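One structure below.
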Amino acid sequence: MSSATDDEFGPFCGSLGCTDDADVVIDHPKHGELTVCDCCATGYMVVRRV
């Protein structure tokens, strides 16, 4: 099984200090598109779900 299809290997939240599984891609005003969990996406525009 490849890492791209195995849920055990991510994708993980890209927010500093967060180790939750990633749920969405957001449009961050300073950093562009980031892959983050639902909790860290609060307040940002969601581009797509992962």
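What the table below lists for this structure:
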read-out	value
Table column - 3J(HN,Hα) (Hz), the stretch 14-22, Karplus curve with 6.51, -1.76, 1.60, x for Gly and Pro	x, 6, 4, x, 9, 10, 6, 5, 6
Of (i) 43, 13, 4; (ii) 20, 11, 9; (iii) 21, 15, 12, the label for semi-axes √(5λ) of the Cα gyration tensor in Å derived from the coordinates	(ii)
Distant-in-sequence amide H partners of V47 (H built 1.01 Å from N, under 5 Å)	V25, I26, D27
Length-normalised contact order of the chain in % [C-alpha pairs under 8 Å, at least 6 apart]	31
J(HN,Hα) series, the stretch 37-50, from Karplus relation 6.51 cos²θ - 1.76 cosθ + 1.60, nearest Hz, glycine and proline x	7, 4, 5, 7, 7, 4, x, 10, 6, 7, 8, 6, 8, 10
Rounded to the nearest 20 debye, dipole of the chain from Cβ charges on Lys, Arg, Asp, Glu	280
Using θ = phi - 60° and Karplus 6.51 cos²θ - 1.76 cosθ + 1.60, couplings along the stretch 27-32 (whole Hz; Gly, Pro as x)	9, 8, x, 9, 10, x
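Taken together, the values in this text are just the output of simple stated rules run on the coordinates, not laboratory data. This one's a predicted model, so the numbers in the text were calculated from it and none came from an experiment. Every residue, glycine as well, gets a Cβ built from its backbone with ideal geometry; the counts of neighbours run over all protein chains shown.
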